[in-house]
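The values are calculated or read from the model by the stated rules, or taken from the named source; none is laboratory data. Quantities reported herein were computed from a predicted structural model and do not represent experimental measurements. Ideal geometry is used to build each Cβ from the backbone, glycine not excepted, and the neighbour counts take in all protein chains shown.
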Number of protein chains: 4
Amino acid sequence: MNFASDNTAPIAPEILAALGAANEGSAPAYGGDELTARLTSQLEAVFERPCHFALVATGSAANGLALSLASPPYGQVLCHEASHITLEEGGAPEFYTGGAKLAGIPGTQGKLTVDGLQAAIDAHPPLPPHVMPRTVLSLTQATELGTVYTPEELSTLTAWARSQALKVHMDGARFANAVVSTGASAAELSWKAGIDLLSFGATKNGALAAELLLVFDDALAEGLAPRQKRAGHLWSKQRFLAAQLLTYLEDDLWLRLAAHANTQARRLSEGLADLPGVTLEAPTEANEVFVHLPAPLQEALRGAGATFYPWHAPGLAPSETRVRLVTHHATAPEDVEAFLAIAQKSV
Amino acid sequence: MNFASDNTAPIAPEILAALGAANEGSAPAYGGDELTARLTSQLEAVFERPCHFALVATGSAANGLALSLASPPYGQVLCHEASHITLEEGGAPEFYTGGAKLAGIPGTQGKLTVDGLQAAIDAHPPLPPHVMPRTVLSLTQATELGTVYTPEELSTLTAWARSQALKVHMDGARFANAVVSTGASAAELSWKAGIDLLSFGATKNGALAAELLLVFDDALAEGLAPRQKRAGHLWSKQRFLAAQLLTYLEDDLWLRLAAHANTQARRLSEGLADLPGVTLEAPTEANEVFVHLPAPLQEALRGAGATFYPWHAPGLAPSETRVRLVTHHATAPEDVEAFLAIAQKSV
Amino acid sequence: MNFASDNTAPIAPEILAALGAANEGSAPAYGGDELTARLTSQLEAVFERPCHFALVATGSAANGLALSLASPPYGQVLCHEASHITLEEGGAPEFYTGGAKLAGIPGTQGKLTVDGLQAAIDAHPPLPPHVMPRTVLSLTQATELGTVYTPEELSTLTAWARSQALKVHMDGARFANAVVSTGASAAELSWKAGIDLLSFGATKNGALAAELLLVFDDALAEGLAPRQKRAGHLWSKQRFLAAQLLTYLEDDLWLRLAAHANTQARRLSEGLADLPGVTLEAPTEANEVFVHLPAPLQEALRGAGATFYPWHAPGLAPSETRVRLVTHHATAPEDVEAFLAIAQKSV
Amino acid sequence: MNFASDNTAPIAPEILAALGAANEGSAPAYGGDELTARLTSQLEAVFERPCHFALVATGSAANGLALSLASPPYGQVLCHEASHITLEEGGAPEFYTGGAKLAGIPGTQGKLTVDGLQAAIDAHPPLPPHVMPRTVLSLTQATELGTVYTPEELSTLTAWARSQALKVHMDGARFANAVVSTGASAAELSWKAGIDLLSFGATKNGALAAELLLVFDDALAEGLAPRQKRAGHLWSKQRFLAAQLLTYLEDDLWLRLAAHANTQARRLSEGLADLPGVTLEAPTEANEVFVHLPAPLQEALRGAGATFYPWHAPGLAPSETRVRLVTHHATAPEDVEAFLAIAQKSV
């Protein structure tokens, strides 16, 4: 009953097998290999257009690179005050951009709104060159509270961003979960909704370590390859990154893996929501459940072997009862049922 | 009736004269000159101990250098949410530190408190290496709302900082005004109160362009000279920075200039506070008055030729009536009286 | 007959199998897993002492991190003028250090000497703060010309470095090949010879993507974890890096793989050296052969399907006949023999 | 008899007077003042076109800012191996650019040539993304050996640079001396000869501390103001920088000051060149004399009170007899004659 994180999950068997299959003889280094070429086509099919991309091993690298393309070092990146990029990436965006500022903006249930963004600017209006110019809007999809932006919500936000001359980045560490949740296509949730750069995660959803940075705006892509290289994120044996992602995208594997995770989270959420004393912090729209569990209930669950973390974040009232439950592609439905059974017995 | 900023002020005549006096023949470049040597002694007298220092032309340079000595690039600098270093220095601290994050903390009347600081940490607890470690506390003296920390308040804050392994920086762009306001000595308001690095301003208080970065902690001073040089802030003809500061500190000129500015601000503040519809945003303890003036009153004053700015900052409720009035070493008392006379007539 | 690069090689079967074996159920993320714990012990055994380490996917990341620990941003890193860190890492050292300068120093057959280093300093003597202080000596082992430093040579260089207050980094992308070549132990070729930080490569020698940064100097390790994180080089599923390296080091697999590569290179070198018109650029002491092949011979070999690159580098006279032949853990002896047979026929 | 450096010189009386004249009452801060506006027009007249500019206090700041506009952080700046930017600015270019590499290129008598530049590229050909792309050519005018590029030489170099997609920066710390020396106009020695960015010095030629960064390429100017601010190089009381430069440029003061310095250097050079055992290192075309003086002669001169430095630089053969003699706007002709008289007596 491990609901600690999707980072604790194993590799999906299909992806592990793909690594073995890729291990045949020599292959050109640094992306000159055949699998990378095939991935290029596959991405074009999934996103319904050609795009620039880089393959890296971590989400922090993808996000850092993306922001370094979208903002000069003297810019401000607008993001949710609870966003991973500003709270938990150890300063990667600041490092990659060379000193940009991440401006955390409040927003309920993990989501930014045009009103919230505009209010933050009004409270500290542009004053060049004293006030760092706002240069980027970064959105997390699915959000840090397990909710999901609809294509319409995204379009509203990106239209506002464009009116402010901001580029738009999406941290899609759980993009697959959002695609499954909304039923929209990958294109509809990204460039068709005004996203310029997408960090498209696979590691949390079944890969060994593989993330894609997709750049939809040609002008932003110029520095992509040299910045990836200088960050030490260009793999010599890139075929083994390409193999993971190719398999991930082929035959909708990525969507099936995410659908499983989402289903388990929804089941957890529904099973808990009816219990007395239990309240959801936010609707469960992807693979994370943010929920208040009374202390005795937490104790009972942990006593029975369940693993999960308490949750604190800027913008949320201090609370000892809030926890996060994360499901993933390999979460066993029996674990979910066992967890709920204990919960029902223990309230 | 120019109350726009102490940056609009002229050079104090004594300091201008000192530049002429320093212009005799050749002098060794880059700080090897005699005036720099004399300044070393003078600083030791004023601060009651030897200290490391650098002479630079702007406060942003002094602050940026200070923070680059006190924090690694992966650290967080705790500062007031309305502090100049995070709002209006164009990202200088981020540039100088190589990517540190400035964490804005709320605090009433421009002042940080231990409770406020601790609450910010509790809302986002340390989690290495994901959460950037807090490395520095930066305090502004006088504050961005014209208030002043007492030595006792500083000691409380720096004791807490030390318990958290934080270095303490003071942005003393208006340090002279704070010294005059509290009646404490320069030492009592700095290293004796636990300050490790002090940006000691002179430009707003009568210099042409001259700021001192003082480093009281020997271990922090190691990178001072090379960082100053690589930032392009080592003057070849340093004698002309030293001359300004030497004259500034000799015969208490700095205190006399600041006392004049403080007196004018207090007079303004007292004269306005009694008027109907006028309320102070914060007590006037240095050379800045933050005050709410009804719109018709503002109009009347501006119509009569007065210059001043509206004031907005994170942490302050949006308001169209809040303005900032700044006095300085050369503010004419007649201007203050004229301003108050118009105000009295216009309410 | 692919002698283009050891980066084109596949994964060693033992290491691929280890990835599958590591894929059992959940595991704590970010290095809290059991395999990382076991690797800690294994490293202590191989290096005969405990050491700080970080697991990353590329050599550029390991080198960049190492130099960022060893040098402030205003320092100079002394390295061979043909070293990979200054020529072919896209500026990774400059990025990670925040702007240090890499000073390329000449040296025959890829090796630096005390005389060469001292001469470079004498030609541009220290002049603080104008001249950036020399802070690090970085050595490549095996060198960029396929030669190997003996423990005695290393000790001589590191003793000089210590006399200049320099930290010493070793770029050991081909460290295994050097260990096999010298017959010295891992400890004798690193910390016992005065090395402070070692980039210990595995990718070129059979791993999928796995490099170790080892830090032998406790004081230098302080920033290791936060710098790794902010660079996006902390894997969530670190068990899959640890699994590669654990298997690499267990049962001397790393030495067996390197021995195979070295043997093939030596065979190539010996087979070519006797041919008329063929001369070695440097002795073949690891897994790279730098050799002058007359143009018709090159043509014949390429015509028969052999792959290899011409070689140019600062410090080498311009030449159209110089090529590099690289062997690796999976180089087929039959390919070597076939290559030599064609060469013999074609001269 | 101080020939140590033009950095030891005093302020020209006209410029000192201008500071006093500028000190009348309040003036808008940060460049909103009237003197800055007048300087804008004056620059347009001198350079025969409008241009973007920033006022700063040091040449290192001007150079660092210029390079940060012209190169991404992953680029290489081609410059003479003895250039000030790579040898003696403490890493300012690396800091400002965020990690660009300065590639020192040999060239006789302080000058770069197309052949020398092309040879350096051929020795280490482009290989993206491994080899950092060459992005900028930086030329020093007058050069570090006291020679001067003619407009024709500049045009040849900048045409080549353009063919390589390089931007061209000129470090004009002694630009005035070059203008006087060549008889060309400011425009002919800068943008008309293909220069994109010019660091136009005044400090060495009579200012207190004032340098101009001129940007002739509109596209490069975008980041100028925010980068100047974040570097702490935007003066609040900018009128006092503008006043210096306005006076410097009015009535050809800058040319008269430089002409005086050049004349004294030529006299020194001619007077020494005929002495037995004395040889010039390079022709004296500006205000610096690089000359070999036998040790006894140096001793005699120093014994008589003369001040000057020995000179070493990469690209020059090690020599104990090479010295640098620098003249400036305030060098007394009697000092020159006295120096020569002693020299003649002492050989």
Worksheet item: Can we say D:ARG256 is of a type outside the set (Asp, Glu), under 23 Å from D:GLY20 (Cα atoms) and either touching a Pro at 6+ places or on another chain (Cβ under 9 Å) or more than 14 Å from every other protein chain (Cβ to nearest Cβ) (or both)?
Response: yes
Worksheet item: Going by the structure shown, is D:LEU208 within 14 Å of chain B (Cβ to nearest Cβ) and either over 19 Å from the mean Cα position of the chain (by Cα) or closer than 23 Å to D:ALA12 by Cα (or both)?
Response: yes
Worksheet item: Quick one: in region C:216-242, which of the residues that are touching an Asp or Glu at 6+ places or on another chain (Cβ under 8 Å) and without any contact (Cβ under 8 Å) to a residue 12 or more places away in the chain is surrounded by the most Cβ atoms within 10 Å (Cβ to Cβ)?
Response: C:GLY232
Item to complete: Within region D:90-142, track down each residue that is over 18 Å from the mean Cα position of the chain (by Cα), over 19 Å from C:GLU81 (Cβ atoms) and not hydroxyl-bearing (Ser, Thr, Tyr).
Response: D:PHE95, D:GLY98, D:GLY99, D:VAL114, D:ASP115, D:PRO128, D:PRO129, D:PRO133
Discussion item. Give me the residue from region B:156-174 that is within 30 Å of B:PRO310 (Cα to Cα) and among the hydrophobic types (A, V, I, L, M, F, W, C) and, out of that set, farthest from the other protein chains (Cβ to nearest Cβ).
Written reply: B:MET170
Discussion item. Just the residues that are surrounded by 24 or more Cβ atoms within 10 Å (Cβ to Cβ) and away from every other protein chain (no Cβ under 12 Å), please, taken from region D:84-116.
Written reply: D:GLY110, D:LEU112
Worksheet entry | Candidate set from region C:124-155 (those that are among the hydrophobic types (A, V, I, L, M, F, W, C) and touching a Leu at 6+ places or on another chain (Cβ under 8 Å)); member that is nearest to the other protein chains (Cβ to nearest Cβ) | C:VAL131
Worksheet, complete the sentence: By residue number, the members of region C:290-342 that are small (Gly, Ala, Ser) and out of contact with any helix residue (DSSP H, G or I) (no Cβ under 6 Å at 6 or more places or on another chain) are C:ALA295, C:GLY303, C:GLY305, C:ALA313, C:GLY315, C:ALA317, C:SER319, C:ALA330, C:ALA332, C:ALA338, C:ALA341
Practice prompt. Report yes if some residue within region A:159-179 is buried (at least 18 other Cβ atoms within 10 Å of the Cβ), within 16 Å of the chain's Cα centre (by Cα) and at positive phi; otherwise report no.
Written response: no
Discussion item. Out of C:LEU245, C:LEU325, C:LEU272, I need the residue that is assigned by TED's automatic domain parsing to the domain that holds C:VAL179 and crowded, with 18+ Cβ neighbours inside 10 Å. Which one?
Written reply: C:LEU245
Discussion item. On the basis of being more than 22 Å from B:ILE11 (Cβ to Cβ), within 14 Å of chain B (Cβ to nearest Cβ) and at pLDDT 95 or above, does D:ARG239 make the cut?
Written reply: no
Worksheet item: Do any helices (runs of 4 or more DSSP H) entirely within region D:1-82 hold 1 or more residues that are in contact with an Asp or Glu (Cβ under 6 Å, 6 or more places away or on another chain) and either within 8 Å of chain B (Cβ to nearest Cβ) or of a type outside the set (Asp, Glu) (or both), and if so, which?
Response: D:59-70
Practice prompt. Pick out the one residue from B:GLY116, B:GLY172 that is of a type outside the set (A, V, I, L, M, F, W, C), farther than 30 Å from C:GLU222 by Cα and at pLDDT 95 or above.
Written response: B:GLY172
Discussion item. Of a type in the set (Asp, Glu) and under 28 Å from B:ASN7 (Cα atoms): is that true of B:GLU34 in this structure?
Written reply: no
Worksheet item: Among D:THR284, D:THR331, which is the only one that is β-branched (Val, Ile, Thr) and under 24 Å from D:THR86 (Cα atoms)?
Response: D:THR284
Discussion item. When you scan region B:167-179, do you find a residue that is farther than 25 Å from B:THR58 by Cβ and either of a type in the set (S, T, N, Q) or assigned by TED's automatic domain parsing to the domain that holds B:ALA219 (or both), even just one?
Written reply: no
Discussion item. For region A:124-211, give me every one of the strands (runs of 3 or more DSSP E) that falls completely inside it and has 1 or more residues that are small (Gly, Ala, Ser), without any contact (Cβ under 8 Å) to a residue 40 or more places away in the chain and farther than 30 Å from D:GLY232 by Cβ.
Written reply: A:167-172
Discussion item. What's the total number of residues in region A:11-50 that are surrounded by fewer than 24 Cβ atoms within 10 Å (Cβ to Cβ) and closer than 23 Å to A:GLU188 by Cβ?
Written reply: 11
Worksheet item: Name the residues in region A:292-323 that are touching a Phe, Trp or Tyr at 6+ places or on another chain (Cβ under 9 Å) and β-branched (Val, Ile, Thr), would you?
Response: A:THR307, A:VAL323
